[in-house]
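Novice: Got a structure here, written out as structure tokens. Questions coming.
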């Protein structure tokens with residue numbers, strides 16, 4: 001049991017529990033729509049053309065900087081489009097996607113087996129493999145894994161987050177029960193890559209089966225599997241560290257600054273696939289649950305599979321549905337099921353459409369304060385965010401808000417507080433960007449004024465110098481003229497004298 | 001009686017000297033109000049206020065020679081901020097100076113450009129790259145959207161491109177969040 005615990009958070013039992021979380025394989029889709037931009041970093045550049053035939057596992061878009069991650073074909077077939085498509089994002093903005101029409105063969109690209117045992121590979125080689133496999137944080141944050149490991153080189157402790165990020169999601173639980181051996185092996189790879197001496201796997205205490213199956217395969221005495229009390233937001237990195245080690249990561253700092261690396265258990269499985277099996281990230285485990293499906297279940301689906309075809313496997317009822325990507329607390333409501341699974345799709349909630357709760361005014365009951373796991377004052381932040389007073393909101397540590405939604409959950413007035421906070425954060429970023437731009441324009445304008453002034457001065461100086469030179473030359477010429485005239489006069493006098501002499 | 005007169009005279013003299021020295025030593029160069037006004041202005045440098053740039057307009061405002069509602073890119077928010085800073089009455093944006101346009105930058109149709117360099121000379125922030133008789137282009141990052149280059153182009157090859165929000169720059173609509 002974890003020795004420490006954090007303040008706040010809420011306990012929400014799984015609203016749609018199942019007897020045993022299994023993973024059902026979804027057949028490769030007829031068409032895969034693969035998103036080129038992940039949650040963090042820019043867009044990967046397509047390296048295939050429309051009409052080209054690609055094989056499963058082939059790289060179709062490549063990294064440019066450090067942050068974008070490779071995108072691999074999740075099925076074999078013909079590239080039918082490279083265009084902007086709707087993506088599951090609150091903005092409703094379309095983003096670049098590659099569309100593959102399946103040839104039905106699911107033919108894999110030739111995999112070159114690494115003949116070296118991973119222990120004989122250097123940490124850099126392993127990180128490179130992870131980078132090439134296009135792995136991002138599978139818990140939902142989507143931060144490129146290779147960059148995270150690179151930042152945490154020389155970490156003393158590795159924490160494996162198997163807490164299930166939100167109530168209702170079962171993908172971590174099922175993944176552990178299905179692949180305990182692979183996960184332990186993946187942890188060993190990760191230990192080798194970051195150099196950690198100690199590993200803690202954190203599992204919530206309501207997942208006894210998963211805990212048991214990990215214990216059964218964990219023979220490495222540097223890996224300890226620990227249970228922590230089931231409480232929502234214990235999956236948040238900083239809070240998990242606090243719960244396990246009693247270390248509080250200060251505001252603005254990262255876990256890596258304190259020698260700790262946190263990875264989601266789904267990411268560990270992906271690392272196993274990439275490093276041991278040499279298979280890139282082309283599928284993931286997705287939970288489909290909610291009041292609108294008869295069989296809440298976990299699926300392993302290829303990336304780019306449409307939500308609709310996965311939801312179909314869970315036998316949805318005939319009602320109108322509200323679809324939500326992600327958990328019940330932090331997910332994104334989307335208009336329909338015509339979106340596709342991307343690397344961070346951990347859950348699809350299918351709920352019967354119900355009237356939205358009526359939002360009332362804040363009554364300052366401060367329930368939100370007692371549940372805020374980040375020790376903030378949400379009711380104060382709410383006023384400042386609502387009045388767009390960002391400066392004041394920042395004073396109340398807006399940036400430490402993890403947007404977990406605990407405050408929304410307990411609010412008796414049904415105020416979606418976290419939406420206000422994400423608005424305030426976005427507005428702050430916008431204002432900062434604008435300020436930077438104005439400063440830059442001011443600087444460039446002033447430099448231009450200075451340049452024009454300098455050019456004018458330089459021109460005037462040059463003209464003056466030229467004038468001076470001309471004058472000097474003329475003066476010199478004048479002297480020269482005089483001597484010439486003297487010579488002519490002398491010559492004329494000489495001629496005159498000769499003439500006179502002759503006469 | 002005499003003593004107090006002497007003491008106070010010396011005190012006056014000493015304090016006077018200290019004040020005089022301080023006035024020279026800590027002299028504020030320029031008008032600090034101009035900087036404060038300039039910080040509010042959007043730095044588009046478009047000249048729609050009838051001054052050749054944001055700083056000259058700020059100087060005129062500081063002297064009280066201009067109205068606070070002459071800056072369309074700053075919008076009504078800008079006018080409000082100026083009114084608060086200068087302790088003046090809030091005015092409506094003066095339509096004579098133009099209207100507030102959405103965020104945009106310009107781009108050059110590179111096939112049509114004849115390399116006349118007129119746009120380069122018109123740009124207040126040196127956002128053009130080009131030279132005589134070669135193709136010219138805009139560094140979008142530097143463009144302020146002042147539109148000064150558009151009227152000077154003899155072949156009309158400069159167009160406006162509106163800046164649409166991207167995944168990185170998107171700000172949710174405050175009015176769209178349910179409220180009581």
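Novice: Considering only the stretch B:131-141, state which residues are part of a loop (DSSP other than H, G, I, E, B) and away from every other protein chain (no Cβ under 14 Å).
Specialist: Of all residues in the stretch B:131-141, those part of a loop (DSSP other than H, G, I, E, B) come to B:131-136, B:139-141.
Matches in the stretch B:131-141: B:131, B:132, B:133, B:134, B:135, B:136.
Novice: Return the only residue of B:37, B:68, B:120 being in the same structural domain as residue B:156 (by TED's automatic domain parsing), at pLDDT 90 or above and either closer than 23 Å to residue A:431 by Cα or out of contact with any helix residue (DSSP H, G or I) (no Cβ under 7 Å at 6 or more places or on another chain) (or both).
Specialist: Result of the check over B:37, B:68, B:120: B:120.
Novice: Of all strands (runs of 3 or more DSSP E) completely enclosed by the stretch A:213-301, which ones contain at least 1 residues that are over 30 Å from residue A:70 (Cβ atoms) and free of Cβ contacts under 8 Å to residues at least 40 places away in the same chain?
Specialist: Filter on the stretch A:213-301 gives A:223-228.
Novice: What's the number of the only condition in (1) loosely packed, with under 11 Cβ neighbours inside 10 Å; (2) within 14 Å of chain B (Cβ to nearest Cβ) that residue A:428 fails to meet?
Specialist: (1)
Novice: Which one of these is more than 17 Å from residue A:274 (Cβ to Cβ) and surrounded by fewer than 22 Cβ atoms within 10 Å (Cβ to Cβ): A:93, A:169, A:100, A:111?
Specialist: Every option except A:93 fails the conditions.
Novice: Just to be sure I understand, how many residues within the stretch A:153-185 are touching a strand residue (DSSP E or B) at 6+ places or on another chain (Cβ under 9 Å) and in a helix (DSSP H, G or I)?
Specialist: Adding up the residues that qualify gives 10.
Novice: Hey, another quick one. Among the candidates A:420, A:409, which residue alone is within 30 Å of residue A:384 (Cβ to Cβ) and in contact with a strand residue (DSSP E or B) (Cβ under 9 Å, 6 or more places away or on another chain)?
Specialist: Only one candidate passes the filter, namely A:409.
Novice: Among B:144, B:166, which is touching a residue at least 60 places away in the same chain (Cβ under 8 Å), in a loop (DSSP other than H, G, I, E, B) and out of contact with any strand residue (DSSP E or B) (no Cβ under 7 Å at 6 or more places or on another chain)?
Specialist: B:144
Novice: Taking the options A:241, A:223, name whichever one is surrounded by 23 or more Cβ atoms within 10 Å (Cβ to Cβ) and either touching a strand residue (DSSP E or B) at 6+ places or on another chain (Cβ under 7 Å) or modelled with pLDDT of 90 or more (or both). I'd like the intermediate steps shown before the answer.
Specialist: Values: A:223 fails: surrounded by 23 or more Cβ atoms within 10 Å (Cβ to Cβ).
It is A:241.
Residues checked against (1) more than 14 Å from chain B (Cβ to nearest Cβ); (2) closer than 30 Å to residue B:168 by Cα; (3) part of a helix (DSSP H, G or I):
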residue	(1), (2), (3)
A:412	no, no, no
A:420	no, yes, yes
A:423	no, yes, yes
A:435	no, yes, yes
A:438	no, yes, yes
A:450	no, no, yes
A:462	yes, no, yes
A:465	yes, no, yes
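Novice: Quick one: how many residues across the stretch A:9-29 are surrounded by 14 or more Cβ atoms within 10 Å (Cβ to Cβ) and farther than 22 Å from residue A:172 by Cβ?
Specialist: 2
Novice: Only one of (1) part of a helix (DSSP H, G or I); (2) within 13 Å of chain A (Cβ to nearest Cβ); (3) surrounded by fewer than 18 Cβ atoms within 10 Å (Cβ to Cβ) fails for residue B:78. Which number is that?
Specialist: Of the numbered conditions (1) part of a helix (DSSP H, G or I); (2) within 13 Å of chain A (Cβ to nearest Cβ); (3) surrounded by fewer than 18 Cβ atoms within 10 Å (Cβ to Cβ), the odd one out for residue B:78 is (3).
Novice: Moving to a separate point now. Looking for whichever is surrounded by 15 or more Cβ atoms within 10 Å (Cβ to Cβ) and more than 8 Å from chain B (Cβ to nearest Cβ) here; the options are A:455, A:408. Which one fits?
Specialist: Values: A:455 fails: surrounded by 15 or more Cβ atoms within 10 Å (Cβ to Cβ).
One residue alone meets the criteria, A:408.
Novice: Hey, residue A:416 hits all of (1) over 30 Å from residue B:34 (Cα atoms); (2) surrounded by 14 or more Cβ atoms within 10 Å (Cβ to Cβ); (3) more than 11 Å from chain B (Cβ to nearest Cβ) but one; which does it fall short on?
Specialist: (3)
Novice: Moving on. What is the one condition in (1) out of contact with any helix residue (DSSP H, G or I) (no Cβ under 8 Å at 6 or more places or on another chain); (2) away from chain A (no Cβ under 14 Å); (3) under 27 Å from residue B:143 (Cβ atoms) that residue B:93 does not satisfy?
Specialist: Of everything listed in (1) out of contact with any helix residue (DSSP H, G or I) (no Cβ under 8 Å at 6 or more places or on another chain); (2) away from chain A (no Cβ under 14 Å); (3) under 27 Å from residue B:143 (Cβ atoms), residue B:93 misses just condition (1).
Novice: Quick one: how many residues across the stretch B:7-48 are surrounded by 10 or more Cβ atoms within 10 Å (Cβ to Cβ) and either within 14 Å of another protein chain (Cβ to nearest Cβ) or not in a helix (DSSP H, G or I) (or both)?
Specialist: So the count comes out to 16.
Novice: Quick check on my filter: what residues within the stretch A:194-210 are closer than 26 Å to residue A:331 by Cβ and in a helix (DSSP H, G or I)?
Specialist: Within the stretch A:194-210, A:209, A:210 meet the criteria.
Novice: To continue, here is another question. Answer yes if at least one residue in the stretch A:288-297 is surrounded by fewer than 21 Cβ atoms within 10 Å (Cβ to Cβ), away from chain B (no Cβ under 14 Å), over 22 Å from residue A:88 (Cα atoms) and more than 25 Å from the chain's Cα centre (by Cα), and no otherwise.
Specialist: The answer is yes; a qualifying residue exists.
Novice: Looking only at residues in the stretch A:76-90 that are closer than 17 Å to residue A:339 by Cα and surrounded by 21 or more Cβ atoms within 10 Å (Cβ to Cβ), which one is nearest to the other protein chains (Cβ to nearest Cβ)?
Specialist: The selected residue is A:87.
Novice: Also, I was wondering about something else. Would you call residue B:113 at pLDDT 90 or above, surrounded by 13 or more Cβ atoms within 10 Å (Cβ to Cβ), not in a helix (DSSP H, G or I) and not assigned by TED's automatic domain parsing to the domain that holds residue B:157? Let's see the steps before the verdict.
Specialist: Numbers: at pLDDT 90 or above: yes; surrounded by 13 or more Cβ atoms within 10 Å (Cβ to Cβ): yes; not in a helix (DSSP H, G or I): yes; not assigned by TED's automatic domain parsing to the domain that holds residue B:157: no.
Considered against the rule, which asks whether it is at pLDDT 90 or above, surrounded by 13 or more Cβ atoms within 10 Å (Cβ to Cβ), not in a helix (DSSP H, G or I) and not assigned by TED's automatic domain parsing to the domain that holds residue B:157, residue B:113 comes out as no.
Novice: Here's another thing I want to ask about it. Please go through (1) within 18 Å of the chain's Cα centre (by Cα); (2) within 12 Å of chain B (Cβ to nearest Cβ) for residue A:69 and return the number of the only condition it doesn't satisfy.
Specialist: Condition not satisfied by residue A:69: (2).
Novice: Now, a different point. Can we say residue A:159 is without any contact (Cβ under 8 Å) to a residue 60 or more places away in the chain, surrounded by 15 or more Cβ atoms within 10 Å (Cβ to Cβ) and either on the phi < 0 side of the Ramachandran plot or touching a helix residue (DSSP H, G or I) at 6+ places or on another chain (Cβ under 6 Å) (or both)?
Specialist: No.
Novice: If you take the residues in the stretch A:335-360 that are within 26 Å of residue A:174 (Cβ to Cβ) and within 14 Å of chain B (Cβ to nearest Cβ), which one is surrounded by the fewest Cβ atoms within 10 Å (Cβ to Cβ)?
Specialist: Step by step, filter the stretch A:335-360, then rank; the result is A:344.
Novice: Just checking, does the stretch A:361-379 include any residue being farther than 24 Å from residue B:77 by Cα, within 14 Å of another protein chain (Cβ to nearest Cβ) and within 23 Å of the chain's Cα centre (by Cα)?
Specialist: Looking through the stretch A:361-379, none of the residues is farther than 24 Å from residue B:77 by Cα, within 14 Å of another protein chain (Cβ to nearest Cβ) and within 23 Å of the chain's Cα centre (by Cα).
Novice: Any idea which residue in the stretch B:147-158 is nearest to the other protein chains (Cβ to nearest Cβ), counting only those that are surrounded by 12 or more Cβ atoms within 10 Å (Cβ to Cβ) and in contact (Cβ under 8 Å) with a residue 40 or more places away in the chain?
Specialist: Within the stretch B:147-158, the match that is nearest to the other protein chains (Cβ to nearest Cβ) is B:148.
Novice: Only one of these conditions is not met by residue A:389: (1) within 14 Å of another protein chain (Cβ to nearest Cβ); (2) within 25 Å of the chain's Cα centre (by Cα); (3) without any contact (Cβ under 8 Å) to a residue 60 or more places away in the chain. Which number is it?
Specialist: (2)
The values are calculated or read from the model by the stated rules, or taken from the named source; none is laboratory data. Please read all numbers here as calculations on a predicted model, not as lab measurements. Note: ideal-geometry Cβ built from the backbone for every residue, glycine included; neighbour counts use all protein chains shown.
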